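The values are calculated or read from the model by the stated rules, or taken from the named source; none is laboratory data. Please read all numbers here as calculations on a predicted model, not as lab measurements. Please note: Cβ atoms are built from the backbone with ideal geometry, for glycine as well, and neighbour counts cover all protein chains shown. Only protein heavy atoms, including side chains, enter the accessible area calculation; ligands, DNA and RNA are left aside. Shrake-Rupley method; radii C 1.70, N 1.55, O 1.52, S 1.80 Å.
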Amino acid sequence: MKEVFSMWKDTKMVVLVALSAGIYAAVLIPFKGFVLIPGITEFRPASALPVVLGLLFGPAGAWGAAIGNLIGDFFGSLGIGSSFGFVGNFLFAYVPYKLWRNLGMVNKDDMEPNLKSSKQIIAYVVVAILGSAACGLFIGWGLELLGMVPFAALASIITLNNSIPSIILGIPLLIVLYPRIKKWDLLWTDILPEEDVPAITAKTRTGAIAMTLLVLVGLIGGLAAAVGGGQALLYSGFASTAGNQMVVIIAGIGSIGVLIAGWMQ
Amino acid sequence: MDMFLYLDNDTFLHRLDPRTKMLVMLASFVVALMFYSLPTLLGLTLVIVLYGMAGKTLGNLKRIRFILLMIALFSVVLWSLTYGGPTKILGPISTEGILYGIVIGMKFDIMIISGMIFLSSTKVEEISLGLVKLRLPYRGAFAFATAIRMVPMIVATSFTIAQAQKSRGLDLDSGNLLERAKKYVPLLIPTIISVIRGTNVFAMALESKGFGYSEDRTNYLQISIKKGDYAILFLALIVITVSTYFKFVVI
């Protein structure tokens, strides 16, 4: 995770954070009125961007997604949920680029995200779903903790709302953008000095596996506990109130665990 | 097209330190989250509206009225259909559900209005400097402020690209909402490319002006906590203390 902080030394990465955030916010803002959960989320075609930005710009894409979401909230929905939205959207881009490198789904000598092989496309779909789930898990946990929105409804809606655009729109977007970004030497692995790009080791592989398991355990375990506690998935979940202790614990372990697993990579 | 909420007035609220306004906004979030009672939330709304009036910022309510209305409406519809409760009115709709929907919608609208007042009375540069004074690293604050400034430019770029494609015969105006939205998706790619293309030049321009040369930067804009800030912070502290007392001791 050291590149998440060391990247701020590089001016080009700082510029990429600003541009990524600006693009994400510019696509988020026009859809602010298309409310899905009042005050929390809306119809978001912009969700196609964080995974793509993460894979291309690495930590700069992750910070860009976090800041871009916060700026989007500035245009009409700034609230306590914005703090969880900041971390959730950071994870939405961070988890995919970390797992892409460390989970072992793509060949070590073909790691750049050009999506030229079916293996890379499958890897993209997997990391996009896990990134979306990490975002849904963290925001769902945060608002359950505050007793604002039931976890089962929110986490399931955010995960779906993020996964669909990031797969359907994200794949063509990445295929078109990659050659240009590569040509301009703007891939994060090309910008950062070699010592700042974490090497792939047994420890990072373990971290990636732990991150995957924690996202799945946090989300699925949290949903199971929520359903067991009387909540329901998607919109039916609004029939119950938030604040289930077991959900807070299980989803909390997943949420905090994902961040800790990030430190291992 | 002015996308920003900032209103250039010379009022007491505008002259407050951005850190004070951030803390007042956070305090309003905390109080809004604490209570589920309609009269309490109405009281909080009144306080926030008076605070906004002090800065002549309530004109922006018109600009966000669609979002406020949609949130309130969706909240009432959603919770009245799903909340349940013993006093049924029609089908699954109950009095308790409607009341809960109103309360939740109100909580969110209060937080959004509070955020709007902050943004209407605080310049982007002040927010950025306020964050730096709150110990956020300068480069993070710079990226944040630059991103906010980029948004209108990116939107303008997308309009230019849309106009260029229209002049080549692309029909963006026919079809239903979904069909029209689908036609805009391909325009996203040239917009992103035209924005990202400038990265190298942008970075060189920054470095040529000494970006990152020294950690101890000086700023043209100066902010400081003054008497008025202390008075407002003291009032916010009283509100938080009284709310906490009522929440955890009285109720």
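Anything losing 40 Å² or more of accessible area from the isolated chain to the full protein assembly: pick those residues out of segment B:57-72, probe 1.4 Å, ligands and DNA/RNA ignored.
Listed by number, the residues meeting the 40 Å² cut-off are B:ILE67, B:ILE71.
What FRET efficiency would be calculated for the residue pair B:LYS62, B:LYS226, taking the C-beta separation as r and a Förster radius of 35 Å, to the nearest 0.05?
That pair, B:LYS62 with B:LYS226, gives E of 0.65.
Evaluate peptide B:231-238: per residue, the Cβ atoms of other protein chains within 10 Å of its Cβ; return the mean as an integer.
The mean count of partner-chain Cβ atoms within 10 Å per residue comes to 0.
With +1 on each Lys and Arg Cβ and -1 on each Asp and Glu Cβ, how big is the dipole of chain A about its Cα centre, in debye rounded to the nearest 20?
280
Mean Kyte-Doolittle hydropathy of 0.5 or higher plus an axial Cα length of 18 Å or more: which whole DSSP H helices in chain B meet both?
B:18-34, B:38-54, B:65-82, B:95-121, B:138-167, B:177-196, B:227-245
Could you sort A:85-98, A:168-181, B:225-238 so that the peptide with the highest average Cβ count within 10 Å comes first and the rest follow in order?
A:85-98, A:168-181, B:225-238
Given Cα pairs under 8 Å that are at least 6 residues apart, what percent is the relative contact order of chain B?
This gives 27 percent for chain B.
Could you order the peptides B:183-192, A:208-217 from most to least packed, using the average number of other C-beta atoms within 10 Å per residue?
With the highest mean Cβ count within 10 Å placed first, the list reads A:208-217, B:183-192.
Take peptide B:190-197, look around each residue's Cβ out to 10 angstrom, count Cβ atoms belonging to other protein chains, and average those counts.
That average works out to 6.
Give the calculated FRET efficiency between A:LEU213 and B:ASP173 to the nearest 0.05, with a Förster radius of 51 Å applied to their Cβ-Cβ distance.
That gives a FRET efficiency of 0.55.
Using only the Cα atoms, what convex hull volume per residue in Å³ does the protein assembly as shown have?
Expressed per residue, the convex hull around the Cα atoms of the protein assembly as shown is 165 Å³.
Under the definition of partner shielding as Cβ atoms of other protein chains within 10 Å of a residue Cβ, what is the mean value for peptide B:151-164?
Mean shielding count: 3.
If the limit is 21 Å between Cα atoms, which of A:LYS2/B:LYS209; B:LYS56/B:LYS123; A:LYS2/A:LYS182; A:LYS98/A:LYS203; A:LYS2/B:LYS123; A:LYS12/B:LYS209 go over it?
Violating the 21 Å limit, Cα to Cα: A:LYS2/B:LYS209; A:LYS2/A:LYS182; A:LYS2/B:LYS123.
If you place +1 on the Cβ of every Lys and Arg and -1 on the Cβ of every Asp and Glu, how big does the dipole about the Cα centre of the protein assembly as shown come out, in debye to the nearest 20?
The dipole magnitude comes to about 320 debye.
Let me know the volume per residue of the alpha-carbon convex hull for segment A:59-156, in Å³.
Dividing the Cα hull volume of segment A:59-156 by its residue count gives 104 Å³.
Counting protein heavy atoms only and a 1.4 angstrom probe, how many square angstrom of accessible surface do chains B and A bury in total, to the nearest 100?
When B and A are taken together, about 4800 Å² of accessible area is lost.
Ratio of segment B:36-187's C-alpha Rg to 2.2 N^0.38 Å, to two decimals?
Compactness ratio reported: 1.45.
First compute the accessible area of segment B:136-208 with a 1.4 Å probe, then give the percent of it belonging to carbon and sulfur atoms.
Carbon-and-sulfur percentage of accessible area, whole number: 65.
Take each complete run of DSSP H in chain A, measure how far its Cα atoms stretch along the helix's own axis, and keep only those covering 15 Å or more with mean Kyte-Doolittle hydropathy at least 1.0; list them.
TM-like helix candidates: A:11-28, A:118-145, A:151-168, A:202-216, A:245-263.
Using Cα pairs under 8 angstrom and six or more residues apart, how large is the relative contact order of chain A, in percent?
Relative contact order, chain A: 22 percent.
Using r as the Cβ-Cβ distance of B:ILE189 and A:ILE249, and R0 as 60 Å, what FRET efficiency do you calculate, to the nearest 0.05?
Rounded to the nearest 0.05, the efficiency is 0.85.
Checking the cross-link filter: which aspartates and glutamates have an alpha carbon closer than 16 Å to that of B:LYS133, excluding same-chain neighbours under 8 positions apart?
B:ASP17, B:GLU125, B:GLU215, B:ASP216, B:ASP229
Can you work out the accessible area per residue across chain A, with the rest of the protein chains kept in place, probe 1.4 Å, in square angstrom?
32
Under 17 Å Cα-Cα from B:LYS166, which lysines qualify once same-chain neighbours fewer than 8 residues away are excluded?
Leaving aside lysines fewer than 8 places away in the same chain, those within reach of B:LYS166 are B:LYS182, B:LYS183.
For a label point 7 angstrom out from the Cα of B:PHE246 toward its Cβ, which stretches of segment B:25-42 have the backbone nitrogen within less than 12 Å?
B:31-32, B:34-42
Equivalent ellipsoid semi-axes for segment A:2-263, as square roots of 5 times the alpha carbon gyration tensor eigenvalues: give them largest first, rounded to whole Å.
Whole-Å semi-axes of the equivalent ellipsoid: 29, 20, 16.
Between segment A:126-153 and segment B:95-168, what's the alpha-carbon centroid distance in Å?
Taking the Cα centre of segment B:95-168 as reference, the centre of segment A:126-153 is 22 Å away.
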